[in-house]
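Visitor: Before anything else, here's the structure in question.
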Amino acid sequence: MLIYQYVGKIEEMMLMHRKSDKSLLSLLIGNKLVRNVKINEILPCISDKERIRVVCQVDRELTDVLPVLYLYIPNATYNERTGALTFMYKQHMITIFKSGKITGTYMRDRKEAEQIMMEVKDLINRAIVYVMTHGPPSKDLIASKKPVSALTVQKHLPGTNCGKCGEKTCYAFAVKVSTGEKDIDECPELKLPENLEKYHELRKLLRPIVI
Ligand code: SF4
């Protein structure tokens with residue numbers, strides 16, 4: 001039996017016995033998680049010399065988690081051959097390499113870089129837990145994920161241009177969703193009962209799995 005099957009069984013047993021304490025689970029998976037992200041280099045940002053980019057390293061190889069992150073992060077790009085996953089996170093372009101190297105751009109300063117890298121670490125750890133509890137995603141699922149254009153996103157939005165998402169129009173919001181700068185949860189109108197079907201359709205297109 002593989003480790004993720006064991007973890008799955010334990011989770012199942014805990015649910016059956018209604019035990020809320022997941023300390024046993026933490027003990028089992030604790031040493032599989034990323035514990036440390038070290039900033040190895042701080043360089044000027046190419047697009048804006050006032051900002052910095054960073055080159056970091058985590059204490060674990062990441063080949064197994066890249067496909068999971070690819071499926072979870074809207075419009076991420078993933079190259080299995082080179083072992084690199086790239087996506088926009090807030091305003092930053094993040095690239096995660098299978099070797100555990102991570103680069104991030106457009107940071108204000110080291111403090112912001114450390115904060116963003118902590119958030120990326122949490123994301124990676126959620127992906128590790130996903131692999132352990134669900135197993136690796138199938139090749140078919142990975143191949144079925146397609147880029148979602150701004151136009152496709154717009155077709156799913158309410159179209160009221162109400163501005164509650166912080167953008168002047170639904171199309172402006174759709175563009176930011178398609179580049180990964182905004183998440184569809186930032187449109188409160190999509191959560192209204194009459195729009196929920198479109199919300200779930202769009203969520204599945206952008207993010208076929210949940211971690
Ligand atoms: S909150 Fe939703 S409905 Fe309103 S403008 Fe933004 S995307 Fe359009």
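Visitor: Restricting to the range 48-85, name every residue that is closer than 21 Å to Lys38 by Cα and in a loop (DSSP other than H, G, I, E, B).
Guide: Matches in the range 48-85: Arg51, Asp59, Arg60, Glu61, Leu62, Thr63, Asp64, Val65, Gly83.
Visitor: Taking the criterion of being within 15 Å of the ligand (Cβ to nearest atom), among the small types (Gly, Ala, Ser), under 19 Å from Phe87 (Cα atoms) and not assigned by TED's automatic domain parsing to the domain that holds Asn79, would at least one residue in the range 173-194 satisfy it?
Guide: yes
Visitor: Pairs needed: first member in the range 173-192, among the aromatic types (Phe, Trp, Tyr); second member anywhere, part of a loop (DSSP other than H, G, I, E, B) and more than 8 Å from the ligand (Cβ to nearest atom); C-beta distance under 7 Å; at least 6 residues apart or different chains.
Guide: If the second residue must be part of a loop (DSSP other than H, G, I, E, B) and more than 8 Å from the ligand (Cβ to nearest atom), the pairs left are Phe173/Lys182.
Visitor: Would you check which residues across the range 175-199 are touching a Ser or Thr at 6+ places or on another chain (Cβ under 8 Å) and under 22 Å from Thr77 (Cα atoms) and list them?
Guide: Matches in the range 175-199: Ser178 only.
Visitor: Does the range 106-120 hold any residues that are in contact with a His (Cβ under 8 Å, 6 or more places away or on another chain) and either in contact (Cβ under 8 Å) with a residue 60 or more places away in the chain or among the basic types (Lys, Arg) (or both), and which are they?
Guide: If the condition is that a residue be in contact with a His (Cβ under 8 Å, 6 or more places away or on another chain) and either in contact (Cβ under 8 Å) with a residue 60 or more places away in the chain or among the basic types (Lys, Arg) (or both), then Tyr106, Met107 are the ones that fit.
Visitor: Looking at (1) away from the ligand (no atom under 11 Å from the Cβ); (2) modelled with pLDDT of 95 or more, which is the only condition Tyr199 fails?
Guide: Of (1) away from the ligand (no atom under 11 Å from the Cβ); (2) modelled with pLDDT of 95 or more, only one is false for Tyr199: (1).
Visitor: OK, next. Which residues, taken from the range 144-172, are within 9 Å of the ligand (Cβ to nearest atom) and surrounded by fewer than 18 Cβ atoms within 10 Å (Cβ to Cβ)?
Guide: Pro158, Gly159, Thr160, Asn161, Cys162, Gly163, Lys164, Gly166, Lys168, Thr169, Tyr171, Ala172, listed by residue number.
The values are calculated or read from the model by the stated rules, or taken from the named source; none is laboratory data. Given the structure is predicted, the values throughout are model-derived calculations rather than measurements. Cβ coordinates were reconstructed from backbone atoms using ideal geometry, including for glycine residues, and neighbour counts include every protein chain displayed.
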